[in-house]
1. Just checking, which of 142, 120, 153 is touching a helix residue (DSSP H, G or I) at 6+ places or on another chain (Cβ under 9 Å), modelled with pLDDT of 95 or more and aliphatic (A, V, I, L, M)?
2. Sort out which residues of the stretch 28-55 are assigned to a strand (DSSP E or B) and among the hydroxyl-bearing types (Ser, Thr, Tyr), and write them in order of number.
3. Which of (1) of a type in the set (Phe, Trp, Tyr); (2) modelled with pLDDT of 90 or more; (3) assigned by TED's automatic domain parsing to the domain that holds residue 125; (4) within 21 Å of residue 613 (Cβ to Cβ) is the odd one out, the single condition residue 222 does not satisfy?
4. Out of 567, 534, which single residue is surrounded by 17 or more Cβ atoms within 10 Å (Cβ to Cβ) and either over 30 Å from residue 468 (Cβ atoms) or in contact (Cβ under 8 Å) with a residue 12 or more places away in the chain (or both)?
5. Quick one: which of 497, 544, 579, 586 is over 29 Å from the mean Cα position of the chain (by Cα) and touching a residue at least 24 places away in the same chain (Cβ under 8 Å)?
6. Counting residues that are within 30 Å of residue 470 (Cα to Cα), which helices (runs of 4 or more DSSP H) fully inside the stretch 196-282 reach at least 2?
Amino acid sequence: YGDYETGKLWSFNWDAKQKRAVNKRELVDTSLRVICFSYDTSDDLLFMDYAGGTIHRLAPNPDRGQPSRFPRQLSQTGLFASTSGHQLAPGVTSYTTAASPWHDGATTTRAIAVPGTQPIGSKGKWQFPAGTVLLKTLSLNIIEKGRTGPKRIETQLMHYNGDAWRGYGYRWNNDETDATLVESAGFDAHFQVAKDSGSTPPRRQTWHFASRVECVRCHNPWSGHVLGFNPGGLDRPVPGDSNATNQLTTLSDLGLLDPPVSGSKSPALVDPYDTTQPTDRRARSFLHVNCSHCHRLHAGSAVLAYMHSDLTLAATRMLDAKPTQGTFGIRDARIIAPGDPLRSILYLRVSKLGRGRMPHIGSEVVDRIGADLIGDWIVDLPGSDVPVARFTDAQKHTRIEARSNVRLLERSGDSVPAPLLDRSLASTSTALLLQQRLDNAASRFSAKARKQIIDKAVAHADVTTRDLFERFIPEERRVKRLGRVIRPAALLAMKGDPAKGGKLFVASQSVQCRNCHRVAGKGKAVGPDLDGIGKKYGRRELLDQVLNPSRKIDPKYLTYIVETTAGKVYTGLLARKSDKEVVLRDAKNQETIIPADEVEELVAQRKSLMPELLLKDMTAQQVADLLAFLASLKTPSKSR
């Protein structure tokens, strides 16, 4: 049997006595869209690829049982003439991008290697020769043995094997003489970094070496696999060139691009940190390189906002749009509330740690300059041509009072009045305003006042308030969350408390289950009721379904995308379908009715509406408690 989304094929034997499948094993991992099976005249198994319209068969692997020849050391890849000097081999060409994503304060160098003499086909969608490698080396400003300076941490490779792009990471050794291949599951390491790497005083920073699965979550088919080496990303002057030659022209002159390319037809990106550029272009470029690989059509079933820069702002579906994944306690929240960052979920998400932080993958440190950019951009948005809701008199009064409270806190000296601080932390918006000011270099809080504010905020009863201020304290004092490297065996070995798990499900802001599921009538009925789930699945199976929500989806809960004849796109579960209409139910449990004669395309997605990495911002004990609660639900719902 096979999976359309991942391209994997498995086999099993059927034990007639036990009436169950045994000897399950993975046969192959392909990039094909497997849709059906058949046999040829020799009874050999055939399967069909939907994307290519091709028929394939399985064949023995001639290298089975042999040690892998894949280079485990960076020096073995042939990409470097000198690994210790980070000197590229002949034929490996360095390049820069117009806009670079935030890498938790790390600096980057990039290069491309195209084997042989065949160029990249640059007519239409770029076609890369088999064997092409894109590489990126990341360095942090490390404090080590009393010295501070940039140190290479990781080199990331994207390799095209002629069929699919695969991502790999190499960890540099302490002497920076070579780097070792990171295992497929990824891992975390800790470094002491200087303040210009994104932290306030020098402090410990956790660096996440991504798993192979995480690589393809961003480098996905819908974002084009290659995120930076494209016309929009390369359309910039060659750094240090006095003639300001366009980099695309230089790459064409080197014979890498055929036909030659002199500029991008799509909107060129700009450096988000270049203050000489217009704020709008900087902000759109920031969102494009940090968010658009997931926030685009098909790239995430729960994603309703699109962030790639080639869209008009109105087409992003963010302006004055109500959030579908929670409001974090913000009153009258919008994804973007033009003119008001403090009601904008986008601004909140890039300003916090913990649950709901964005970017969801690839970063664990808040980009303070990037967050300020998004805030400034939102402030400027009332001049846009999109009609938006304006401030009410009550909202204006509340905001004036909140700003007055922050000014009074600044002037309070070394002793912060508790009632004043309580009012400033009383809501998400006022806490965000205080955090914004506390982070401002021009603020006049004394060191003692800052400490009092931060200590009270990180101990606050509201989890979103804690998440907003957690970045001001050392990692050692922060909540020990699971992160992205999750060890199922360790979680299953822990004892959970069903009562505490039930409270997490019903009331905790850090657990999103109730946004789509119901237990005993509490929650929303977007997905299946969880009453009786403990009778159907054990703890191991429950954990696997949370960790891998798209591995097995009940047909009733497949996500569908509808594209209309007018070019509009809707996403949701298929509630009803008839000759007259198609009805989708979205993550807010709201129905959209599309007349059947307006439906251009109706496509089922193999990606669950349930988000991935749901557990990354929870503690291990919280997960154990939640599993214990779900496993205790033995009685099915009577209503459904």
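1. Working: 142 fails: modelled with pLDDT of 95 or more; 153 fails: touching a helix residue (DSSP H, G or I) at 6+ places or on another chain (Cβ under 9 Å).
Residue meeting the stated conditions: 120.
2. Taking the stretch 28-55 as the starting set, the residues that turn out to be assigned to a strand (DSSP E or B) are 28-29, 34-39, 45-49, 54-55.
Matches in the stretch 28-55: 38, 39, 54.
3. Against the list (1) of a type in the set (Phe, Trp, Tyr); (2) modelled with pLDDT of 90 or more; (3) assigned by TED's automatic domain parsing to the domain that holds residue 125; (4) within 21 Å of residue 613 (Cβ to Cβ), residue 222 comes up short only on (2).
4. On the way: 567 fails: surrounded by 17 or more Cβ atoms within 10 Å (Cβ to Cβ).
Sole residue among the options that is surrounded by 17 or more Cβ atoms within 10 Å (Cβ to Cβ) and either over 30 Å from residue 468 (Cβ atoms) or in contact (Cβ under 8 Å) with a residue 12 or more places away in the chain (or both): 534.
5. Details: 544 fails: over 29 Å from the mean Cα position of the chain (by Cα); 579 fails: touching a residue at least 24 places away in the same chain (Cβ under 8 Å); 586 fails: over 29 Å from the mean Cα position of the chain (by Cα).
Every option except 497 fails the conditions.
6. Details: elements: 212-218, 231-234, 247-253.
The qualifying helices (runs of 4 or more DSSP H) are 212-218.
Per-residue answers, yes or no, for (1) of a type outside the set (A, V, I, L, M); (2) touching an Asp or Glu at 6+ places or on another chain (Cβ under 8 Å); (3) buried (at least 22 other Cβ atoms within 10 Å of the Cβ):
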residue	(1), (2), (3)
225	yes, no, no
251	no, no, yes
267	yes, yes, no
271	yes, no, no
276	yes, no, no
281	yes, no, no
287	no, no, yes
315	no, no, no
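A quick yes/no check of all residues on (1) modelled with pLDDT under 95; (2) on the phi > 0 side of the Ramachandran plot; (3) not β-branched (Val, Ile, Thr):
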{"position": "440", "(1), (2), (3)": "yes, no, yes"}
{"position": "468", "(1), (2), (3)": "no, no, yes"}
{"position": "483", "(1), (2), (3)": "yes, yes, yes"}
{"position": "505", "(1), (2), (3)": "yes, no, yes"}
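The values are calculated or read from the model by the stated rules, or taken from the named source; none is laboratory data. Computed from a prediction, not measured in an experiment: that's the story for all the values here. Cβ coordinates were reconstructed from backbone atoms using ideal geometry, including for glycine residues, and neighbour counts include every protein chain displayed.
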